[in-house]
Amino acid sequence: MNKASDVLEILSKVKAALQRRGSKTIAGLGRTFRALDSYDGNKKVDSSEFNVGLRENGVELTQAESDALLTYFDKDGDGCVNFDEFLVGIRGELNERRKDIVLKAFLKFDKDCSGAITADDLSGVYRVDMHPKFKSGEMTEEEIFNEFLTNFGDKNKDGTVTKQEWLEYYAAVSANIDNDDHFILLMRNAWQLD
């Protein structure tokens, strides 16, 4: 059951069922996820919640299909699906327009073209002098740069954000925005891109 084609077939079945129920937009998918997570409200869905929740939303899967799909969605390997994983799983990866602008932002920061963003790359591109914790003396420039990297996908906290980590981070952000033009405008404004 773990063949990629089998999981993609299951995913297609789930998407079709959710769309029939009106879960096409972020708001609709949010309602679906909250319904899946209704048992304990921890913003994560475990195997039991996932299977029952899908059934309650009109998606009929076997336990094996449900487990295979949960494993497919579970990018951080914790045995659960969080909202971002769910959205990316249902909405899919970045389309070409979105990916292009996300990579443009990545290249703005990857000054040495190493394929990763480091604290050194951030110097001169990301200014900390207006950061409230820098102004108050609570954090140093290096601490702020490391926090920035962690916030933008440095999952293993090695002080770098790889292109893949950056793309995964923005796939989750993108999944929360229905309109391509709006997403691109947000990226252009946030990172002052041409």
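The values are calculated or read from the model by the stated rules, or taken from the named source; none is laboratory data. Bear in mind that the values here come from a model prediction, so they are computed numbers and not experimental data. We place every Cβ from the backbone using ideal geometry, glycine too, and count neighbours over all the protein chains shown.
A few notes on this one:
- Subset of the stretch 92-107 [in a helix (DSSP H, G or I) and either small (Gly, Ala, Ser) or surrounded by 19 or more Cβ atoms within 10 Å (Cβ to Cβ) (or both)]: ARG98, ILE101, VAL102, ALA105, PHE106
- Taken together, the criteria place GLY89 among residues that are among the small types (Gly, Ala, Ser), crowded, with 16+ Cβ neighbours inside 10 Å and assigned to a helix (DSSP H, G or I).
- One residue from LYS111, LYS155, LYS133 being over 24 Å from GLU49 (Cα atoms), modelled with pLDDT of 90 or more and either hydroxyl-bearing (Ser, Thr, Tyr) or surrounded by fewer than 19 Cβ atoms within 10 Å (Cβ to Cβ) (or both): LYS133
- Among the candidates GLY89, GLY124, the residue that is at positive phi and at pLDDT below 85 is uniquely GLY124.
- Close pairs (9 angstrom Cβ cut-off, 6 or more residues apart or separate chains): within 19 Å of GLN192 (Cβ to Cβ) in the stretch 121-149, surrounded by fewer than 16 Cβ atoms within 10 Å (Cβ to Cβ) and among the β-branched types (Val, Ile, Thr) anywhere: VAL128/THR140
- Every pair of residues 6+ apart whose Cβ atoms lie under 7 Å, when the first sits in the stretch 64-83 and is in contact (Cβ under 8 Å) with a residue 12 or more places away in the chain and not assigned by TED's automatic domain parsing to the domain that holds ASP40 while the second is crowded, with 19+ Cβ neighbours inside 10 Å and part of a loop (DSSP other than H, G, I, E, B): none
- Of the residues in the stretch 156-168, at least one is among the aliphatic types (A, V, I, L, M) and touching a residue at least 60 places away in the same chain (Cβ under 8 Å).
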